Every structure is written in C-alpha cells, then in structure tokens.
Amino acid sequence: MRNLLLFTSVTILFSGTLNAQAYKTTYTFQKNTYPAAAIQVPYEESVVTEAVKDYMTGKGYKDAHYKDFVIFRSVPLDNGSSSYSDAYFNIEKKSRSEKDITVITLIPVKKEATLLPATEEDSSYISKSVIFLDSMMHQIHHYSLTQQIQIQQKALDKTGAKLLSLKNDSGDIAKKIRNYEGELVQNKNDQAKQTIVINNTATGDQDALAKAHKKMDKLLDNQADYEKKLRNYKADLETNTKDRATQQSLYDKESQSLEALKQRHETMMK
C-alpha cells in the first residue's frame, strides 16, 4: 500500500509537470535583470541540458557556451518568421531540495547582439519565447525520460549484479561451513579412537605412546583450527546476510523507480 501511494504521488507529480506550460519571468545575471520565458521539467539538470542540445541540434543549430548559458544563434522563435534571435538557455535545478526538477530559462537576444540589459524591443520577444519553449517540451520530455530510464536500468543492473554476487558468496560460505562442520565431527571421532589407542598402549612402550600422543596433539590442533574457521565463516555469513538484505532493499527501490519511469513514459506517449 505504501509503495502504491508513493507510485501514485510520483505519477501525479509527473502528470502535473508534464502538462506545465511555459511562463514569462525575469532572470538576473551579473546584477542585471532580463525578461525571459521559463518552464519546469521533472528531470535532473544534466539530462535536461542534453535534451535541449539534442532538440536544438536536431533542428540544425550548433550550441555555444557563455558563462551560465547554452546559446543557439539565429533561431526563429516562431514558424515562418524572418526575424531571428540568439537563444540564451539557462538550465539549472530548481533548488537543492528539488534536484529532480529543472528550470529551463530562455532569454532571447537580437541576432548577433550582445547580452545586454533588455530593451523594450527585446521584451516583445518574450511571448514568442514562451510559445517556443512549449513547442519543444514533448521532445524534451521524451528524450529526458528515455535517458533516465536507461540510467536507472544501468543502476538496477549494477545493483542486481552485486546482489547476485552476494548470493553466490553466501552459497560458497555456507558450503565451507558444512565442510568444516563435517571435518570437526570427523576430528572428534578420530580423537575418540585415538584416546582408545592411547589407553590400550602399554605404558612401557614409550615410542608408541609418544606417537599416539603426537597424533592426538595434531587432532587437537586441527580441532582448534576448524573451530576458528567456523567462527570466521559464520561471522562472514552473518555479514553477508545483512549485506544481502540491504542490497535487496536497494534493488527493490530501484526496481520501483524504474517501473515508475516506464509508467511515466507510457503516460506521456498516450
């Protein structure tokens, strides 16, 4: 039930953000304020940055960089327009507590002009910038979500591989424990037999007694060695059990995250 509620809340958050529209805003850079358009998307900053680049380069624009901006030059902000702008994109996480939400801010600058405090003419481009951001959102969502699914799948595969390794180690350790428990049982049987040998050896036969006691000492040394190894392997098995539980919990959470991403993708494609 708890997982269902978590999944439902994630789906609602995604659906709301997926339907979010761009809006007019301002952006402060080097103590100057610029009119801008912005939109929020529910993906990490690095993924969104690549998504914007992928969208724009797919349209034939080459990216450049200036300070906090990714720039694409000579972009028509509306279809069929003969007016071109240099599109200054700032892409950053919304806040430290909302790392999975990224804000895309677009400042339109007159073609080949420098980034200066906006003029009234520049401000008139903001409405077109809002529409421009809205027009690119479906592909941004598709690219970003596809990338996050791939990233999450790799993380899940890595966690699964570690979990499988721990399970294999558990089987190996359990086998060693069984072997040494068997060795210990056999050792104690051999000690019982050797005790009989010692008791039946004539007290006057010093060589035979010495050999019998030497063999018993060896058996006792082996017993101590087996018991030490059993303690160590049992401790290893206990640690392995805890590690497997932790890894299984992580695997389950990552599986849920991947399933949520896939469901988001299905929702987006409908």
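Scanning region 216-238 for residues that are farther than 30 Å from residue 166 by Cβ and surrounded by 15 or more Cβ atoms within 10 Å (Cβ to Cβ), which turns out farthest from the chain's Cα centre (by Cα)? If we take residues in region 216-238 being farther than 30 Å from residue 166 by Cβ and surrounded by 15 or more Cβ atoms within 10 Å (Cβ to Cβ), then 216 is farthest from the chain's Cα centre (by Cα).
Close contacts from region 142-155, counting a first residue that is in contact (Cβ under 8 Å) with a residue 60 or more places away in the chain and a second that is open to solvent by 40 Å² or more (accessible area, probe 1.4 Å) and among the small types (Gly, Ala, Ser), with Cβ to Cβ under 6 Å and a gap of 6+ residues or different chains, come to 152/257. Exactly one residue out of 111, 99, 67, 93 is among the basic types (Lys, Arg), surrounded by 15 or more Cβ atoms within 10 Å (Cβ to Cβ) and either at pLDDT 75 or above or more than 36 Å from the chain's Cα centre (by Cα) (or both): that is 93. Tallying residues that are modelled with pLDDT of 90 or more and hydroxyl-bearing (Ser, Thr, Tyr) within region 10-33 yields 5. Would you confirm, using the coordinates I've provided, whether residue 7 is modelled with pLDDT under 90, touching a Ser or Thr at 6+ places or on another chain (Cβ under 9 Å) and either outside any strand (DSSP E or B) or surrounded by 14 or more Cβ atoms within 10 Å (Cβ to Cβ) (or both)? Taking the combined requirement at face value, the residue does not satisfy it.
Could you give me the residue pairs with C-beta distances under 8 Å whose first residue belongs to region 177-201 and is touching a residue at least 24 places away in the same chain (Cβ under 8 Å) and among the acidic types (Asp, Glu), whose second residue is assigned to a helix (DSSP H, G or I) and open to solvent by less than 80 Å² (accessible area, probe 1.4 Å) wherever it lies, and which are 6+ apart or on separate chains? Cβ pairs passing all conditions: 181/230; 183/222; 183/226; 190/219. Of the strands (runs of 3 or more DSSP E) lying entirely inside region 29-89, those containing at least 1 residues that are touching a residue at least 60 places away in the same chain (Cβ under 8 Å) and among the aliphatic types (A, V, I, L, M) span 32-41.
Across region 140-187, which residue is most open to solvent (accessible area, probe 1.4 Å) among those that are of a type in the set (A, V, I, L, M, F, W, C) and closer than 30 Å to residue 55 by Cα? Only one residue tops the list, namely 151. Could you tell me whether residue 191 is surrounded by 12 or more Cβ atoms within 10 Å (Cβ to Cβ) and farther than 30 Å from residue 100 by Cα? Yes, satisfied. When the residues of region 79-90 are filtered to those that are closer than 21 Å to residue 54 by Cα and among the polar types (S, T, N, Q), the one that is surrounded by the most Cβ atoms within 10 Å (Cβ to Cβ) is 85.
The values are calculated or read from the model by the stated rules, or taken from the named source; none is laboratory data. Quantities reported herein were computed from a predicted structural model and do not represent experimental measurements. Positions of Cβ are generated from backbone atoms using ideal geometry, with glycine treated the same way; all protein chains shown enter the neighbour counts. SASA here: full protein model, heavy atoms, side chains in, ligands and nucleic acids out. Shrake-Rupley method; radii C 1.70, N 1.55, O 1.52, S 1.80 Å.
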